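*Asks:* Below are the C-alpha cells for one structure; questions will follow.
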Amino acid sequence: MLYVSLLGEQSVTHGATGRAVTRSPRAIALVGYLVTHAGLPQPRQRIASLFWPDSSDAQARTNLRRELHHLRQVLGEDSALLATATDLSWQDTPRCRVDVRVFDAERRAALAAGEDEEVRVHAGAALAEYRGELMPGLGDDWLFEPRNELEQQCVSLCDLLGDAQCRLGDLAGAAETARRRIRLRPLEELGYRTLMELQADLGDRAGAVSTYHQCAAVLERELGVVPDRATQAALRRLLADAVPSRESRLVGRAREFTRLRERWQQAARGQPSVALVRGDAGVGKTRLVIELARLARSQGAVVAGTQCFGTSGRLALAPVADWLRNPVLQPSLATLAPVWRAEVDRLVPAGKDTGPAPVVRAVADAWQRHRFFEGLARALTGAGRPTLLVLDNAQWCDQETLAFLLFCLGLEPRAPLLLAATQRSDPGDGTLAGWTERLRATGRLSEVDLSPLDLDDTARLAESVSGLLPSGDELTLLHIATGGFPLSVVEALRSGGPPGDLDAVLTERLRQPTPDAREIAGLAAAVGRDFSLDLLTEASDLDAEAVVRAVDELWRLRILRDFRDGYDFSHDLLRDAAYREVTRARRWLLHRRLAQSLELLHPGDTGAVSAQLAEQYARGGRPDRAVEFYRRAAELAAGTFAHGEAIRLLREALSLLAGAPAGPETDRRELEVLEALSGPLNARLGYASPDLQRALERSIVLAERLGQQDSTLVGLVGLWTSRFVQGRTARAHEAAKRALELVDDDRTKDELNGSAHFAFAGSSVSLGRPGEALRHFDLAARLTRGAPSLPIGTRPEVHSLAWAAHAHWLLGHEDEALRSSREAVSLARTMTHPYSLAVALAYAGITHQMRGDLDEVTEHSAELRELCDRYGFAYYREWGLVLGGWVRGDADGLADIRRGVANLKAEGSLARMPYWLALQADLLARHDRPGPARAALDAALVVGQARDDLWWLPEVLRLRSAYDGREQGRVRLKTAVELAAAQGSTTLRLRCERDLDRF
C-alpha cells in the first residue's frame, strides 16, 4: 500500500515502513495534477507545457517522459496512473490511498447523508484528511484553482458538520468545528459569529467576547475596518454596545518604511537578513513593523509574530515556540522529515500533549544543540515562500533565542527570510548589543532609527486619531507636551485632558475606566506578560461576568489588545503605569493569587508555566514554592539546551534560599539546586569555570553535612574535573582520592564507583604514575560499561580506553597503546554520541603524535576539528588546532598552535600545558627560531612544576638540553632520565638515554 499525501504536505510513502518512496518535487506535483483531475484524461502536451513552460515543446515532452518513467517505478505494476500515447489520467486503486480522493469521497457521502449522525461520521472523516492546503509550498499556476476549490469545500463541510453537531446536541464539537472554519477563512465574520453564539450557549461568555476581540483585531490589521453590524449585534446580545475606537493610520514614516520594504524585497528574493527598528519607548517601532507585516501578508508571505517581556516568567526560546505554534507555519511542520520534527517536538510537542520533551543531560548531550537548532530552523524556513518573522521588544529577548536566530540566518544562505525586530534605544545588559555587532559584521543587518514626529506629522496623527485637525496653538501645545512621540500623542488625545508628560497622561488614561476595570488592569499588570481571561477570572475577586465586562471595557479603550489566544496591554508603558497604580501590599496579594490560579489552570502539568509560577510565588512571598518552580523551569531550559537560562533560573533559586532559615531542610534544597546547576555551568562556561568550581565545593560541604554519600562522591568527581582542567593537578588528585575513599561496592552504584576510579587514574597519569593509572582505568571501564555519561560528559569506557593509551605508551607498551586508542575510536563511532567521538579522536591524536605517526595525526586532528566546529565543542577544538598545526609544520601551522594555546589559556584550561608548549617549541625549532623555542620550553618547565603536571617533563627537559652547553646539557639529560625512571615512563627514559649517549 502506498500513501499519497497532498493536503498539508507533499509525500508518497510506503505503508509498511513509512519511508518516502520518492522525493522528486516534479513527480509529486504531477501526481497532484492528475489526482485533482481524476477520471478525466489530460493531454500530454498540455501537461508538458504547464509543468515546463520555459522549455521547448520537445524538451518539455522529454521531461514529462522522464517523470512518468520515475512514477511507474514508484507506483508499481498495479498503478493508478493510466497512460496512452496522447493522454494521462488517474484512476483510484486499492493499492494506493490518496488523501485528496478520500476527502472527496467522504465529502460526497456527507452531502448525500440523510441522518445527522451519518453527516457527522463522513464530514468528520473528510475534515480529518484535510490537514492543510493542497500541496503547500508549490506555486504553479495550475494549482490555484483546485487549491481554492478544495479549501471552499472544506469550509462548506465545516458549516454542514457544525449544523449537524448542534442538532445532535454536541455544542462543544460544533465550537471546535467553528474554530476550524475561522482558521480557514480568518477574514469571514460568519465563522466568528457562529463561534460566539456557540460559546454563549455553552456558558462561556468570556470566550465569546474574546472571539469578538480576535475578529476585530484581524479585520483591523488586515483590512483596516471594524466588524460589520451583524457581528457587533452578536456582541451586543452579550454585552452593552461595544464598537472599537479607530486605529490611527501610519503617519510620517515614509522614508523608514521604504527602507524596511526594500530590505523585505531583498529577503524575499533569497537574502536572509534582519531589520532592526530602534528607538525610544513610544516612538512607534511596533506600529512601523505592523505595517510591514500587513504588506508581506498582502503579497502572500508567511508572517508570524511574537514579543518579549521585561519579566523573567517565560521559558527560554519562547519567541521561537510562539512562531512555531502560529497556524501559518503548520503546513511546513507537516512536511518536515521525522528527524527534524522530533527536534521541534522538544520545544513544541505535537498533538494535545503540550508537556516538554524529555530533559537531556546538560553536558553529555550538549552536542545535540546543533541538531536541535537545525530542526527549528528548517521548520521556520520550510514554508516554500517568503517568510517574515516579527520580534517585538528584542531588548528583552533571551540569549538562547538570539543564538538560535544567528544560527538560523546562516543555515540556508538563500532562504527567503526576514526577521523584523524592534528594540528600545537602551539595549539593556549588552547581550543584544553583542548580537547586533555580530550581525553587522555579516552584512545581514539593516538598522532603522526612529525619531519623534515633527510638527506637521504630529498634526496628521492627531487628525487620524480624533478626526479633527488641531488649531495652531493646540498643535504647538500638543507637540511640546508630547515631544512628538506617537504614543504620547495618541494617549493624550484619548485621555481627553490637557496634554502633559507621558506618565501623567497614562495615569489619567487608567483612571477613565470603571472601578472594576481598573482593578482588572492592576491584576493584568501583575501578570507581567500576555494573559488569558481564564487566568484573570480565577485570580480576581470579581465574578466571571464582571471580569468579562471589565476586559471588554479595557479593550474598547485600547488599554488592552487582542494577543494570540488572550490579551496584552497595548503598550508596555501602559502595563508599567497600571502596575504603579497598585499598592505594594496589594501587589503581594495579586502575585500570590496569580500563582495559585496558574496551578489550578494547569493541574498536573505546570511545566509550561513553571518560570511564570516561580516569579509569581517569589513576588508573592512564597520563596519555598518559588524555588521548586525555578528548579522545574531550569530543567526544562536545559532540556532545550538553553543552559544560560537554566543558570539564571537556578541562581534565582539560590538567592531565595540564601534568605531562608538555616537548617537541614534548607541545606537539602540548596544541595538539590547546586547539583542541578553544575551541568549547565559546565556546558555553558566550561570545565575550568570558577563558578563551576565554587558550586561543586559548596555542594560537597552540604552533602557531607547531610550525610549523603552518593552526592558527595558525585561532587568530588565533578570538582576533580574542574581542578584538573584548570591545571591544578595535585589538588584534583586530592579530590579523586577523597572520592575513592567513599567507594563502597555494597552501597554505591557501580557507575559512581567507576567514575571515582576514572578520576584517580586521570590525575595519576599527569602526576607521572602511569602504572598506577592503568589499574584504575581498567576498573573504571569495567564498572561503567554501558553506563550513562560521566559528569564531564563522556562515555566512561571510551574515555578510559582513550586515556589509558597514553599510560600504555609511557610504560613502553606501544602495541597496547595503539590497540587501546583504536578501540576507543571504534567504540565511540558505534555510539552515535559525537562528544565521546571527539574525546576519542583528541586522545588518539596525542597518542599518534607521541608515536610519531604523522599521517594518523593529520587524519585524526582534521576529523576532530570538523566535529568540534559542527557541534561547538570548544575545549577539544583547541587540541585539534594545536595537533593539526604541529603536523602541518608551516607558518600557518605555527599560527594555529599559538592560537590553540592562547585559547586554552584564555579559558583557564591549563591541563597538559607543558605538552602543548613542547609542541610549539618543536615547531619553532624547525623554523630555526631557537630563542622563542627555548623560551617556550622554559615556560613548560615552570608551569609543569608549579602545577604538578609532570608526565611530559622528561621530554621537555630532553628538548631543552639541545640549547645547553655540553656539561649543562648532560646534567639536564641525567635529570630527565632520573625523572622518567622514577615515573616508570620507559619510553621517555629510553629517549633521554639515547640523547645522553650522544653527548
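The values are calculated or read from the model by the stated rules, or taken from the named source; none is laboratory data. Keep in mind that what you see is a predicted model, and the values were worked out from it rather than measured. Every residue, glycine among them, receives a Cβ derived from its backbone with ideal geometry; neighbour counts consider all protein chains shown.
*Asks:* May I ask you to list the residues in the range 294-321 that are surrounded by 19 or more Cβ atoms within 10 Å (Cβ to Cβ) and either assigned to a helix (DSSP H, G or I) or free of Cβ contacts under 8 Å to residues at least 12 places away in the same chain (or both)?
*Replies:* Selection gives Ala296, Ala318, Pro319, Val320, Ala321.
*Asks:* Restricted to the range 522-537, and to residues that are in contact with a Lys or Arg (Cβ under 7 Å, 6 or more places away or on another chain) and not in a helix (DSSP H, G or I), which residue is nearest to Trp555 (Cα to Cα)?
*Replies:* Within the range 522-537, the match that is nearest to Trp555 (Cα to Cα) is Asp530.
*Asks:* Further question: Anything in the range 77-115 that is over 46 Å from the mean Cα position of the chain (by Cα) and closer than 29 Å to Ser156 by Cβ? List them, or say none.
*Replies:* Across the range 77-115, the qualifying residues are Ala112, Ala113, Gly114, Glu115.
*Asks:* Right, here's the next one. Restricting the search to the range 519-536, which residues are modelled with pLDDT under 95 and over 28 Å from the mean Cα position of the chain (by Cα)?
*Replies:* Scanning the range 519-536 gives Leu533, Asp534.
*Asks:* Among (1) in contact with a helix residue (DSSP H, G or I) (Cβ under 8 Å, 6 or more places away or on another chain); (2) of a type outside the set (A, V, I, L, M, F, W, C); (3) modelled with pLDDT under 95, where does Gln983 come up short?
*Replies:* (3)
*Asks:* Which one of these is crowded, with 21+ Cβ neighbours inside 10 Å, among the acidic types (Asp, Glu) and within 21 Å of Gly207 (Cβ to Cβ): Glu553, Glu615, Glu545, Glu538?
*Replies:* The conditions single out Glu553.
*Asks:* OK, next. Among the numbered criteria (1) hydrophobic (A, V, I, L, M, F, W, C); (2) under 38 Å from the mean Cα position of the chain (by Cα); (3) modelled with pLDDT of 95 or more, which single criterion is violated by Leu767?
*Replies:* (2)
*Asks:* Here is a follow-up. Which residues, counting only those in the range 866-916, are within 21 Å of His370 (Cα to Cα), in a helix (DSSP H, G or I) and among the small types (Gly, Ala, Ser)?
*Replies:* Hits for the range 866-916 are Ala874, Gly880.
*Asks:* Right, something else. Quick one: which helices (runs of 4 or more DSSP H) sit completely within the range 364-481 and have at least 1 residues that are of a type in the set (Asp, Glu) and surrounded by 22 or more Cβ atoms within 10 Å (Cβ to Cβ)? Working first, answer last.
*Replies:* Numbers: elements: 368-381, 399-411, 431-442, 455-466.
So the answer is 399-411.
*Asks:* Just need a number here: residues in the range 810-841 that are surrounded by fewer than 24 Cβ atoms within 10 Å (Cβ to Cβ) and aliphatic (A, V, I, L, M).
*Replies:* Number of matching residues: 6.
*Asks:* When you scan the range 648-663, do you find a residue that is surrounded by 22 or more Cβ atoms within 10 Å (Cβ to Cβ), of a type in the set (Gly, Ala, Ser) and farther than 22 Å from Leu904 by Cα, even just one?
*Replies:* yes
*Asks:* Moving on. Out of the range 1-33, which residues are aliphatic (A, V, I, L, M), assigned to a loop (DSSP other than H, G, I, E, B) and under 32 Å from the mean Cα position of the chain (by Cα)?
*Replies:* If the condition is that a residue be aliphatic (A, V, I, L, M), assigned to a loop (DSSP other than H, G, I, E, B) and under 32 Å from the mean Cα position of the chain (by Cα), then Leu6 is the only one that fits.
*Asks:* I need the full set of residues from the range 907-939 which are of a type in the set (A, V, I, L, M, F, W, C) and over 42 Å from the mean Cα position of the chain (by Cα), in order please.
*Replies:* Ala921, Leu923, Leu924, Ala925, Ala933, Ala935, Ala936, Leu937, Ala939
*Asks:* What single numbered condition from (1) part of a helix (DSSP H, G or I); (2) out of contact with any Leu (no Cβ under 7 Å at 6 or more places or on another chain); (3) crowded, with 16+ Cβ neighbours inside 10 Å; (4) of a type outside the set (S, T, N, Q) fails to hold for Ala128?
*Replies:* All conditions pass for Ala128, except number (3).
*Asks:* Scanning for something touching a residue at least 12 places away in the same chain (Cβ under 8 Å), under 21 Å from Val956 (Cα atoms), in the same structural domain as Leu988 (by TED's automatic domain parsing) and hydrophobic (A, V, I, L, M, F, W, C), does the range 851-872 turn up at least one residue?
*Replies:* yes
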